[in-house]
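Undergrad: Handing you this structure, nothing more for now.
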Amino acid sequence: MGRKFLAAKENLVEALAKLAKERHLTLFSLVNESLEQILRAEGYKKSLREVLDEYEALTIAKETGCVIVMEECLYRLIEKYYREDGESISRVWYDQGSWYGRLLPSHFIAKDGFEALEKFMRTIFWGLSDLTISEIEDGLVLRCIGPRLPESYTNLLASFLEGFIHSLGYRTVNKDVSRGIIFLTFKVKTKT
């Protein structure tokens, strides 16, 4: 097997050498393992950064009590309870959004609240085809599309998103929610 030499930043090589020593590996084996994993991620049409961002989101979700449930089972339960007490369950989703709005920015490395929300939502809420947060003058617009989402779930997800964005210092000025479609407009809260 032939070998080739790669150039790398000195501080990265030093950090890898230290890691290799801690793991009782050679630097050669650690670098080759790392390169193999980069190629493995690319096989899934993902960069290693994307894979790690998703892993980070799943780890946070697991540590904060999220569970994986089949969509059909979840939607049926939500539909039943939303019809019985939509206001109460909406409040729970809003409160959870608010809590995650305070938690996520501190857990995602080098991410602001909006970027943390996008990374988390894209990983955890699988039924979404689009989630976009656009900054506008003194506010932002949030668009969330999930073609498979029933109306009850869409409304609850909108409550979660409002709670999240409100925790970052914004207030809702426009809310347009229908089955599978959420458009929310926010403005920065004014200090009183």
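Undergrad: So, in region 148-192, exactly how many residues are not hydrophobic (A, V, I, L, M, F, W, C) and not in a helix (DSSP H, G or I)? Before the answer, list the steps.
TA: Of the residues in region 148-192, the ones not hydrophobic (A, V, I, L, M, F, W, C) are 148, 150-155, 159, 162-163, 166-167, 169-172, 174-176, 178-180, 185, 187, 189-192.
Now drop any that are not not in a helix (DSSP H, G or I), which leaves 148, 150, 169-172, 174-176, 178-180, 185, 187, 189-192.
The qualifying residues number 18.
Undergrad: Having 1 or more residues that are modelled with pLDDT of 90 or more and among the hydrophobic types (A, V, I, L, M, F, W, C) is the bar; report the helices (runs of 4 or more DSSP H) wholly within region 29-146 that clear it. So that I can check it myself, show each step before the final result.
TA: Values: elements: 48-63, 71-107, 113-124.
Those helices (runs of 4 or more DSSP H) span 48-63, 71-107.
Undergrad: Among the residues of region 15-65, how many are of a type in the set (S, T, N, Q) and touching a residue at least 60 places away in the same chain (Cβ under 8 Å)? Break it down stepwise before answering.
TA: At the first step, the residues of region 15-65 found to be of a type in the set (S, T, N, Q) are 26, 29, 32, 34, 37, 47, 59, 64.
Within this subset, residues satisfying the condition of being touching a residue at least 60 places away in the same chain (Cβ under 8 Å) are none.
Qualifying residue count for the region: 0.
Undergrad: Just give me the residues in region 1-59 being closer than 28 Å to V69 by Cβ and surrounded by 11 or more Cβ atoms within 10 Å (Cβ to Cβ), in sequence order.
TA: A41, K46, E50, V51, L52, D53, E54, Y55, E56, A57, L58, T59
Undergrad: Identify the single condition in (1) surrounded by fewer than 14 Cβ atoms within 10 Å (Cβ to Cβ); (2) in contact (Cβ under 8 Å) with a residue 60 or more places away in the chain that I68 does not satisfy, given that it satisfies every other one.
TA: (2)
Undergrad: Also, quick follow-up: List the number of the failed condition for K187; all other conditions in (1) modelled with pLDDT under 90; (2) charged (D, E, K, R); (3) surrounded by 14 or more Cβ atoms within 10 Å (Cβ to Cβ) hold.
TA: Only one criterion in (1) modelled with pLDDT under 90; (2) charged (D, E, K, R); (3) surrounded by 14 or more Cβ atoms within 10 Å (Cβ to Cβ) is unmet by K187, namely (1).
Undergrad: Further, regarding this structure: Show the residue pairs meeting these rules: Cβ distance below 6 Å; 6+ apart or different chains; first residue within region 172-190 and charged (D, E, K, R); second residue not in a strand (DSSP E or B).
TA: Correct list of pairs: R179/E151; R179/T154; K187/D138; K189/G169.
Undergrad: Can you confirm whether region 74-84 contains a residue that is closer than 27 Å to F186 by Cα, of a type in the set (D, E, K, R), more than 14 Å from the chain's Cα centre (by Cα) and in the same structural domain as S159 (by TED's automatic domain parsing)? Give the steps one after another, and end with the answer.
TA: Taking region 74-84 first, the residues closer than 27 Å to F186 by Cα are 78, 82.
If we keep only those that are of a type in the set (D, E, K, R) as well, we get none.
No, region 74-84 contains no residue that is closer than 27 Å to F186 by Cα, of a type in the set (D, E, K, R), more than 14 Å from the chain's Cα centre (by Cα) and in the same structural domain as S159 (by TED's automatic domain parsing).
Undergrad: Now a separate question. Looking at this structure, is F114 hydrophobic (A, V, I, L, M, F, W, C), farther than 21 Å from D176 by Cα and under 12 Å from the mean Cα position of the chain (by Cα)? Step through it out loud before you land on a result.
TA: Working: hydrophobic (A, V, I, L, M, F, W, C): yes; farther than 21 Å from D176 by Cα: no; under 12 Å from the mean Cα position of the chain (by Cα): yes.
Spelling it out, it is not the case that F114 is hydrophobic (A, V, I, L, M, F, W, C), farther than 21 Å from D176 by Cα and under 12 Å from the mean Cα position of the chain (by Cα).
Undergrad: State all residues of region 85-116 that are β-branched (V, I, T) and either farther than 18 Å from L161 by Cα or outside the structural domain of G180 (by TED's automatic domain parsing) (or both); if no residue qualifies, say none. Working first, answer last.
TA: Quick first cut of region 85-116, residues β-branched (V, I, T) only: 89, 92, 109.
Within region 85-116, I109 is the sole residue that qualifies.
Undergrad: Consider only pairs whose beta carbons are under 7 Å apart and that are at least six residues apart or on different chains; among these, list those whose first residue lies in region 74-99 and is without any contact (Cβ under 8 Å) to a residue 40 or more places away in the chain and whose second residue is part of a helix (DSSP H, G or I) and loosely packed, with under 13 Cβ neighbours inside 10 Å.
TA: Cβ pairs passing all conditions: none.
The values are calculated or read from the model by the stated rules, or taken from the named source; none is laboratory data. The shown structure was predicted, so the numbers you read here are calculated from the model rather than taken from an experiment. Here the Cβ is made from the backbone with ideal geometry for all residues, glycine too, and neighbour counts use every protein chain on show.
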